[in-house]
Each structure stands twice: as structure tokens, then as C-alpha cells.
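Where a number appears in this text, it was derived from the coordinates with a stated rule and is not lab data. Every value quoted in this text rests on a predicted model; they were computed, and no experiment measured them. Here the Cβ is made from the backbone with ideal geometry for all residues, glycine too, and neighbour counts use every protein chain on show.
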Amino acid sequence: MRPSRVQHPTAVVPGDLVQLEAAEARHLVTVLRRAPGDPVVLIAAGGGSFAGRIESILPGRDPDGARRF
């Protein structure tokens, strides 16, 4: 399976666990039908790109309105 490319609005350090913004997370899960364990390429602010995988998908929203993934 080809890794999905996802955008992240802030800088990322290798090894970080990141939470996607709601729209990006929704697209990843509902349109691309990705699931935990699937590979991703995270495109971070500042131009870095990082190989990773989906750790978990949690339903609901955080207090700031972002969907938890």
C-alpha cells in the first residue's frame, strides 16, 4: 500500500506522536479509508517530511474542536 501524504501545520521532531487537524484526519479515514498501522508521510510546516504510521483512530473531538486520531 502506498503511504498517504498528510499535512501538519507545525514543526515535527522525528519520533513525535502528532494529532492531525480535523479536516485532514477526516479525509484520511473516510475518503482514503486508512486504518491503524497504515503508512503515512507527514508533511510538516517548515518543509520536513517524515515516514510514519497511523497509531490510533479515536472517535470524537477534543476540547479545541480537533478530531482525535
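Here is how the numbers come out for the structure above:
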{"quantity": "Residues (crowded, with 17+ Cβ neighbours inside 10 Å and of a type outside the set (Val, Ile, Thr)) located in the stretch 39-57", "calculated": "42, 44, 52"}
{"quantity": "Residue match in the stretch 13-36 (condition: loosely packed, with under 11 Cβ neighbours inside 10 Å and either acidic (Asp, Glu) or under 10 Å from the mean Cα position of the chain (by Cα) (or both))", "calculated": "yes"}
{"quantity": "Matching entry among 34, 26, 53 (being at negative phi and touching a helix residue (DSSP H, G or I) at 6+ places or on another chain (Cβ under 6 Å))", "calculated": "34"}
